[in-house]
Amino acid sequence: MSANHLAVGADERETLVVGAGQAGLAIGNELRERGLPFQIVDAESEIGAVWRHRWDSLRLFTAAQYDSLPGMDFPAAADTYPGKDDVADFLQAYAAKFELPVKLNTRVASLRVSNGGYLAETDDGALAAKNVVVATGPFQTPYVPPIAEDLSSETTQMHSTEYRNPETIDKGPVLVVGGGNTGFQIAQELAANHKVHLSIGSRQTPLPQRLLGRDLFWYLEATGLIRKSIETRIGRKLSRRETLIGSSPRTLRRRYGVEVHGRAINASGSKLTFDDGSVLEPGTVIWATGFRSDYSWIDAPVFGVSGEVVHQRGVTQSPGLYFLGLSWQYTRGSALLGWVKDDAEYIAEQVGISRPAAQAEARRPELVR
């Protein structure tokens, strides 16, 4: 059935892109370059809002020269590390430069297969589309472990998404839970005027931000590791190994005086117990415990037994339904600002291939002889 009959009364689009972050904008520009009609929708009130909501001192661990999107370099000097507002400004400027059709304040509440295409129910009515690209990224729902519920109400708790700066944290012992880059960065910043503890659940491989005067990602590009796909042996191995960039437990202890604990395994009253046997009574707990994907709004046969997206480089078995910006969607760079363009180009090509040839020719009269 043609796109013209996807849903009676619904606003119709050939391709609907859900999410106006780096992935959504990248695929938008790739579709624009190919003359393929599309609409981007986003639940936030402005482009880049997710970045602006993070803590004040947040900086990328990729240097500016590795933060471009298709057709536009990041506007900062090489070997500088952009802050969160710099990224938000860049995304806004990118959408404006290429006049990408972004509809804000439009949350997609549900998406289902409908009459040979898809029907998205949004806060602003129904949208029908032949193709849908889910570009909501890997950081969707903040995750806090269940033991948080066992802490006393007298203990201040927050997820890392709620943390802003040290001045907003009460004096007294602070526990940061989470051994990833976010946990290390927040613990380091707080250590200047707080007694800080860091709970690490699983050890991650520490890598230097710079080595012999060059940024880490220069080496990843030069060796080709950043582009090794998950289909290769080394790619599969790397995908199972989390890394710390520019941080290490030893440096955090010696240089910043942060006390490092094992995994937090129990909470009772105002105390937390760790798997190394230590016990702490913090005044504030910051859960830098990451995010979980939430695709409960999608009703389509594209999920595995554990709720994971089943795909081949973002292409699902449900015709016309694609995902973009997932962690290790294809390479280490799939979810990173400067490399999402590779998967965006691939998905745009798949959308173009699936389009009826006659329809494509009609939309591109310059190709008609």
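Of everything in region 66-80 that is touching a residue at least 24 places away in the same chain (Cβ under 8 Å) and surrounded by fewer than 20 Cβ atoms within 10 Å (Cβ to Cβ), the residue that is nearest to W339 (Cα to Cα) is S68.
Screening S199 with (1) modelled with pLDDT of 95 or more; (2) surrounded by fewer than 17 Cβ atoms within 10 Å (Cβ to Cβ) gives one miss only, at (2).
Can you find a residue that is assigned to a loop (DSSP other than H, G, I, E, B), at pLDDT 90 or above, hydrophobic (A, V, I, L, M, F, W, C) and touching a helix residue (DSSP H, G or I) at 6+ places or on another chain (Cβ under 7 Å) anywhere in region 231-254? No, that holds for no residue. Annotation: E221 fulfils all but one of (1) loosely packed, with under 14 Cβ neighbours inside 10 Å; (2) not in a loop (DSSP other than H, G, I, E, B); the unmet one is (1). Go through region 104-150 and report how many residues are assigned to a strand (DSSP E or B), more than 18 Å from the chain's Cα centre (by Cα) and loosely packed, with under 14 Cβ neighbours inside 10 Å. Residues in region 104-150 being assigned to a strand (DSSP E or B), more than 18 Å from the chain's Cα centre (by Cα) and loosely packed, with under 14 Cβ neighbours inside 10 Å: 4 in total.
Taking region 208-259 as the range and being more than 25 Å from A192 (Cβ to Cβ) and of a type in the set (F, W, Y) as the test, the residues that pass are F217, W218, Y219.
If you check Q312, Q350 for being surrounded by fewer than 22 Cβ atoms within 10 Å (Cβ to Cβ) and closer than 17 Å to E14 by Cα, only one passes: Q350. If we scan region 185-198, do we find a residue that is touching an Asp or Glu at 6+ places or on another chain (Cβ under 6 Å) and farther than 26 Å from W297 by Cα? Within region 185-198, one or more residues are touching an Asp or Glu at 6+ places or on another chain (Cβ under 6 Å) and farther than 26 Å from W297 by Cα. Restricting L244, L212 to those that are more than 21 Å from K341 (Cβ to Cβ) and crowded, with 16+ Cβ neighbours inside 10 Å reduces the list to L244.
The values are calculated or read from the model by the stated rules, or taken from the named source; none is laboratory data. Bear in mind the structure is a predicted one, so any value in this text is a computation, not a measurement. Cβ: placed from backbone, ideal geometry, glycine included. Neighbour counts: every protein chain shown.
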